[in-house]
Every structure is written in structure tokens, then in C-alpha cells.
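The values are calculated or read from the model by the stated rules, or taken from the named source; none is laboratory data. All figures in this text were calculated on a predicted structure; none of them were measured in a lab. Note that we place each Cβ from the backbone using ideal geometry, even for glycine, and neighbour counts take in every protein chain shown. Each accessible area value is taken on the protein alone, full model and side chains, heavy atoms only, with ligands, DNA and RNA left out. Shrake-Rupley method; radii C 1.70, N 1.55, O 1.52, S 1.80 Å.
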Amino acid sequence: TKLLSRTEMLSDPEALQKVKDEAADLVNEGTWEYESVREKEHVRAEAKASGVSVHFGKLMTIASIKFYELAKELQKKKGRIVYRGDCAKDEHGAAAVYEELGANPTSVQGLNACLAYGSLPGNLCTAADAVKAYVQATLKSKYKTWIELPPELRPAWWKNKFVQPVVLLVKALYGHPDAGGMWEQHLKGILKKMGGEEIPEFPGNFWFSGPRLMLSTYVDDL
């Protein structure tokens, strides 16, 4: 995969469109709402006056070319959008402090146990990815997170109305320090509702007694 520079991305119509398509998908998932837009300084002043802290962060767009070593007709351009946790601040300009919820994906031993079980006579192993995993989970951070969108993702009508527009981040977007833990909590909640019991010896692995299914989870790989 070749990572394009920002200049390369903005000058490549196809790459830029892939980024905008990714943004549209994230908005459809409810990751952020354009209607929540406010002036950053107004949100900051409100937080200082109320004493209720908020976090301010930024999104970063990334474009890349997959299979770059192959012939051009076999290459594929991809757009991604992530949360920049490295530059987040609170309303006073201090570095944002996160809960940093720990994620506990399966261990090599747990995965091997799953593969061994699937290799027994009459059993089989399958694998799948969770689609847009992190943004399935709601961002339940202690403080509300307001994000600045990069210029290429801002609606045109913002230009003459806002100096520094921000929108509320609703879902656990990749890059947010709490996103991994929140996705794991979300996934475990679903698996337990489906009858899965986490195996004490192998955290991140679940046993379903009805179909006699063992499931190993590693972030968004199942």
C-alpha cells in the first residue's frame, strides 16, 4: 500500500472522491452530524462558564493506493478518516485526558485453541470481519468530544458563517483513545445476548453451548 501525501490526495480526483465516499458512509452510520455544527469559541466559552469540560479534536483524511506494486489496472484507491488523538485539548487548551479503556483481544493461545477445536473431525473454521466495527459503538466518553473537519469535508455553506466550525463526535471513531475499549464492550454485549459465554482461561473467546460454537475475537476479526 502506498500512502499518498496530502498534496497528492487533493490533486487526485479519484483519491479525493474515495475520501468523500468514506465520509458519507461514516455520516450514514451517525458518526457525526453536520447539523450539530457550532462555532468552536462558543462551545469553549459555554464549557468554561458551566464548569462542564469538553474535548476538542480533529479528523484526518488519508488516501492510499492498495496493491501499488501491481499493474495500474489492478491497483485500488482507498480513503480513510481517523480521529487525531495526538492534538486533542480541553476548553482551557490543556491536553485532553481520556479514560483509555483497555481492550482485551484474544491471545495466541486462545486463537490456537479455537483453531484446534475447528480442526476436529466434523468441525470447520471460518473467518469474517466486522463491517465498520468501531463506529457501531456509541462514544460514551466522560466528556463530549467536538471535532474539526478538514476543509475537504466541510459543507460549502459553512465558509461564510463560521470561523472555526466544530461538530459533535457521536460514534467511537478509529483513532480515539477510548474507541477500542468501547467497541469491545459493544461487541461483548451483543455476543452475550446471543448466548455466548466468555471463556475464563481465554479472554476474547466465547463459547455458544447451543450450536457448540467457539468464537475467537481480535478487534474486528472474528
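With the chain treated as a Gaussian network of Cα nodes joined by springs under 10 Å, which of Ser141, Ser50, Ser36 yields the largest mean-square fluctuation?
Ser50
For the chain, what is the accessible area per residue in Å² when the probe is 1.4 Å?
Here the per-residue accessible area is 59 Å².
Quick one: length gained pulling Arg84 to Ala128 fully straight, 0.36 nm per residue minus the C-alpha distance?
Stretched fully, the Arg84-Ala128 segment lengthens by 13.1 nm.
With Rg and the Kirkwood Rh both taken from Cα atoms, where does Rg over Rh land for segment 1-160?
Looking at segment 1-160, the ratio lands at 1.07.
What part of the accessible area of segment 77-209, given as a whole %, is carbon or sulfur when the probe is 1.4 angstrom?
56
Using a 7 Å offset from the Cα along the Cα-to-Cβ direction at both Leu74 and Phe208, what is the distance between the two label points in nm, to one decimal?
3.7
³J(HN,Hα) across segment 174-190 via Karplus (A = 6.51, B = -1.76, C = 1.60, θ = phi - 60°), whole Hz, x for Gly/Pro?
Those phi angles translate into 3, x, 6, x, 8, 5, x, x, 6, 5, 5, 4, 4, 5, 4, x, 5 Hz.
Going by alpha carbons, how many degrees (0 to 90, nearest 10) lie between the helix axis of 108-118 and the longest principal axis of the chain?
Here the helix axis deviates by roughly 50 degrees.
Can you tell me the dipole magnitude for segment 1-134 around its Cα centre, using point charges on the Cβ only (Lys, Arg +1; Asp, Glu -1), in Debye to the nearest 20?
My answer is approximately 400 debye.
Could you pull out the GluC sites (Glu not before Pro) across segment 57-138 that fall in loop regions by DSSP (anything but H, G, I, E, B) with no more than 12 other Cβ atoms inside 10 Å?
For GluC sites (Glu not before Pro) across segment 57-138 that sit outside H, G, I, E and B with at most 12 neighbouring Cβ atoms in 10 Å, the list reads Glu69, Glu100.
For segment 130-147, just list the computed ³J(HN,Hα) in residue order, Karplus coefficients 6.51, -1.76 and 1.60, θ = phi - 60°, integers in Hz, with x standing in for Gly and Pro.
6, 7, 6, 3, 4, 7, 6, 9, 6, 7, 9, 6, 4, 10, 5, 10, 9, 10
Can you list the HN-Hα couplings for segment 22-38, worked out from phi with the Karplus curve (6.51, -1.76, 1.60; θ = phi - 60°), rounded to whole Hz and with x for Gly and Pro?
5, 4, 4, 5, 5, 5, 4, 7, x, 5, 8, 10, 4, 5, 7, 4, 9
For His176, what residues show an amide H to amide H distance below 5 Å, using hydrogens built from the backbone and excluding near sequence neighbours?
Hits under the 5 Å cutoff: Tyr83.
Alpha carbon centre of segment 129-185 versus segment 56-125: separation in Å?
A separation of 16 Å, based on Cα centres.
State the Cα centre-to-centre distance between segment 1-55 and segment 191-214 in whole Å.
37
Kindly state, to the nearest 0.05, the FRET efficiency for Phe67 paired with Ser107, given R0 = 22 Å and r defined as their beta-carbon distance.
Efficiency for this residue pair is about 0.10.
What relative contact order, as a whole-number percentage, does the chain give when Cα pairs under 8 Å and 6 or more residues apart are counted?
Rounded, it is 26 percent for the chain.
Could you list which residues have their amide H under 5 Å from that of Ala88, counting only those 5 or more apart in sequence or on another chain, with H placed in the peptide plane?
Ala96
Going by average Cβ neighbours within 10 Å, how do the peptides 172-178, 14-20 rank, with the highest at the top?
By packing density, highest mean first, the sequence is 172-178, 14-20.
Counting pairwise Cα distances across segment 103-222, what percent come out greater than 26 angstrom?
For segment 103-222, the share of Cα pairs beyond 26 Å comes to 37 percent.
Filter the cross-link list Lys20/Lys40; Lys2/Lys192; Lys89/Lys192; Lys2/Lys40 down to pairs whose alpha-carbon distance in this structure exceeds 30 Å.
In this structure, Lys2/Lys192; Lys89/Lys192; Lys2/Lys40 lie more than 30 Å apart at Cα.
Of the residues Gly30, Gly204, Gly195, which exhibits the maximal mean-square fluctuation in a Gaussian network model of the chain defined by a 10 Å Cα contact cut-off?
Gly195
For a quick check: with amide H placed at 1.01 Å from N, whose amide H comes under 5 Å from Leu213's, ignoring anything fewer than 5 positions away on the same chain?
Phe208
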